[in-house]
Amino acid sequence: MSLHHHHDHGHGHGHGHHHPAPADAGRAFVLAIVLNAAFVAIEFVYGFIANSTALMADAGHNLSDVLGLVLAWGAALLAKTAPTRRFTYGLRGTSILAALFNALLLMVACGAIAWEAVLRFAHPQEVAGTTVSIVAGIGVLINGFSAWLFMAGSKDDINVRGAYLHMAADAALSLGVVIAGLVVMSTGWTWLDPAVSLVIVVIIVAGTWSLMKESLQMVLAGVPASVDATQVTAFLAAQTGVTEVHDVHIWAMSTTETALTAHLVMPGGYPGDAVIDDIVGHLREDFAIHHCTLQVEQGTTKHSSCALHGAHEHDHDHDHGHDHGHSQDHGHAHPGHAH
């Protein structure tokens, strides 16, 4: 979703660029957010008036997707934030914090909705089935239209594709609420409303759990789920002239961008900018690693152990340390890359 050029830094000026977002992606996000936020408010109010926990539960789920849309759109805007001396990556990491906060907030909301549904089982109350069906029917239209807004961009942009899938799923869930409302009207099965709300809560929790787990991993600088660290290390080790790879660190700069640092032992010395550019390009295209710094060492000295690894593990794996060997920084600093 970033519209600016984000650079991949090897030691040979390897530059990689995100594909520009579709020109109308921003407008699609704004329109979808406004429509769905308005619908969430309407659905919750009428759910309260109609005494329907199913409507309120569906409103909670739709709220989660509104927050998801805001997060995706916000990430595109934050990606434009220029790095500063204090925030050397800009404010990209705020998208990770927002994701974790939203996940925790939604878990609390799910707990409250589930508790209310359980109480409704014990003390059934009359539900305005007509209101439930009409409001949820509006949801089918709004969510379906929102999904259509993202359909074209979903082919080329994974963030837009995620928004499209969320909206399509919401349309299906709202359809389920419509059916529940109609059944309540025709059968008088008031227990069906809290039952549907519990099903929706389970769906929300399933999706939110994944969001919370992934965002927590990102906050703790874990390797993003989309990246296989073993394959990345194997790729680096297979490069011509590389005899060993160590201290490979992969982490998320934001919910959409990944960074890497690694030490390459190359007895023949620095291979030249073109080689580094090629490695950086493959890391970007094959592993979606957008910003990398490669430190080249010849392995001619026994350097001090990396502070992140035990000396025993370090000595067992290799005899090469982590000071700059034949690496080149071309006289400029790379934001956030202090070795």
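The values are calculated or read from the model by the stated rules, or taken from the named source; none is laboratory data. As the structure is a prediction and not an experimental result, all values here were calculated from the model. Heads up, the Cβs are rebuilt from the backbone with ideal geometry, glycines too, and the neighbour counts pull from every protein chain shown. Heavy atoms of the whole protein, side chains included, go into the accessibility calculation; ligands, DNA and RNA do not. Shrake-Rupley method; radii C 1.70, N 1.55, O 1.52, S 1.80 Å.
Checking the stretch 315-325 against the condition returns no match, with no residue being in contact with a strand residue (DSSP E or B) (Cβ under 6 Å, 6 or more places away or on another chain), at pLDDT 60 or above, on the phi < 0 side of the Ramachandran plot and part of a loop (DSSP other than H, G, I, E, B).
Conditions tested, residue by residue: (1) open to solvent by 70 Å² or more (accessible area, probe 1.4 Å); (2) assigned to a helix (DSSP H, G or I); (3) modelled with pLDDT of 80 or more; (4) of a type in the set (A, V, I, L, M).
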{"residue": "ILE42", "(1), (2), (3), (4)": "yes, yes, yes, yes"}
{"residue": "LEU69", "(1), (2), (3), (4)": "no, yes, yes, yes"}
{"residue": "GLY90", "(1), (2), (3), (4)": "no, no, yes, no"}
{"residue": "ALA98", "(1), (2), (3), (4)": "no, yes, no, yes"}
{"residue": "LEU106", "(1), (2), (3), (4)": "no, yes, no, yes"}
{"residue": "ARG120", "(1), (2), (3), (4)": "no, yes, no, no"}
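Residues in the stretch 122-157 that are farther than 18 Å from GLY60 by Cα, buried (at least 16 other Cβ atoms within 10 Å of the Cβ) and among the small types (Gly, Ala, Ser) were compared, and the one that is modelled with the lowest pLDDT is SER154. Close contacts from the stretch 27-53, counting a first residue that is within 14 Å of ASP193 (Cβ to Cβ) and of a type in the set (Val, Ile, Thr) and a second that is open to solvent by 10 Å² or more (accessible area, probe 1.4 Å) and modelled with pLDDT of 90 or more, with Cβ to Cβ under 8 Å and a gap of 6+ residues or different chains, come to none at all.
Being of a type in the set (A, V, I, L, M), at pLDDT below 75 and assigned to a helix (DSSP H, G or I) is true for just one of ALA32, ALA54, ALA23. Which residue is that? I'd like the intermediate steps shown before the answer.
On the way: ALA32 fails: at pLDDT below 75; ALA23 fails: assigned to a helix (DSSP H, G or I).
Result of the check over ALA32, ALA54, ALA23: ALA54.
Sort out which residues of the stretch 270-289 are open to solvent by 30 Å² or more (accessible area, probe 1.4 Å) and under 20 Å from SER254 (Cα atoms), and write them in order of number.
Start the filter on the stretch 270-289 by keeping residues that are open to solvent by 30 Å² or more (accessible area, probe 1.4 Å), which leaves 270-271, 273-275, 277-278, 282, 284-288.
Result: ARG284, GLU285, ASP286, PHE287, ALA288.
When ALA114 is tested against (1) at pLDDT below 75; (2) open to solvent by less than 50 Å² (accessible area, probe 1.4 Å), only condition (1) is not met. The number of residues in the stretch 225-272 being over 30 Å from VAL70 (Cα atoms), touching a helix residue (DSSP H, G or I) at 6+ places or on another chain (Cβ under 9 Å) and among the polar types (S, T, N, Q) comes to 4. Kindly provide the set of residues from the stretch 44-67 that are hydroxyl-bearing (Ser, Thr, Tyr), touching a Leu at 6+ places or on another chain (Cβ under 9 Å) and open to solvent by less than 10 Å² (accessible area, probe 1.4 Å), ordered by number. Correct list: THR53 only. Does at least one position in the stretch 214-222 carry a residue that is among the small types (Gly, Ala, Ser), under 19 Å from TRP251 (Cβ atoms) and part of a helix (DSSP H, G or I)? So far as the stretch 214-222 goes, yes, one or more of its residues are among the small types (Gly, Ala, Ser), under 19 Å from TRP251 (Cβ atoms) and part of a helix (DSSP H, G or I).
Are any residues in the stretch 259-269 β-branched (Val, Ile, Thr) and open to solvent by 10 Å² or more (accessible area, probe 1.4 Å), and if so, which ones? Please lay out each step first, then the result.
Pass one, the stretch 259-269, residues β-branched (Val, Ile, Thr): 261, 265.
The one that is β-branched (Val, Ile, Thr) and open to solvent by 10 Å² or more (accessible area, probe 1.4 Å): THR261.
Of all residues in the stretch 210-222, those that are open to solvent by 70 Å² or more (accessible area, probe 1.4 Å), touching a residue at least 40 places away in the same chain (Cβ under 8 Å) and over 10 Å from the mean Cα position of the chain (by Cα) total 1.
Results for (1) modelled with pLDDT of 75 or more; (2) more than 21 Å from ALA32 (Cβ to Cβ); (3) small (Gly, Ala, Ser); (4) open to solvent by 30 Å² or more (accessible area, probe 1.4 Å), shown as yes or no for each residue.
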{"position": "LEU165", "(1), (2), (3), (4)": "no, no, no, yes"}
{"position": "ALA169", "(1), (2), (3), (4)": "no, no, yes, yes"}
{"position": "ALA180", "(1), (2), (3), (4)": "yes, yes, yes, no"}
{"position": "THR187", "(1), (2), (3), (4)": "yes, yes, no, yes"}
{"position": "THR190", "(1), (2), (3), (4)": "yes, yes, no, yes"}
{"position": "ALA195", "(1), (2), (3), (4)": "yes, yes, yes, no"}
{"position": "VAL199", "(1), (2), (3), (4)": "yes, yes, no, yes"}
{"position": "VAL202", "(1), (2), (3), (4)": "yes, yes, no, yes"}
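The single condition among (1) surrounded by fewer than 19 Cβ atoms within 10 Å (Cβ to Cβ); (2) touching an Asp or Glu at 6+ places or on another chain (Cβ under 7 Å) that HIS246 does not meet is (1). Regarding the stretch 231-240, can at least one residue be identified that is open to solvent by 50 Å² or more (accessible area, probe 1.4 Å), over 24 Å from HIS61 (Cα atoms) and assigned to a loop (DSSP other than H, G, I, E, B)? Among the residues of the stretch 231-240, at least one is open to solvent by 50 Å² or more (accessible area, probe 1.4 Å), over 24 Å from HIS61 (Cα atoms) and assigned to a loop (DSSP other than H, G, I, E, B), which makes the answer yes.
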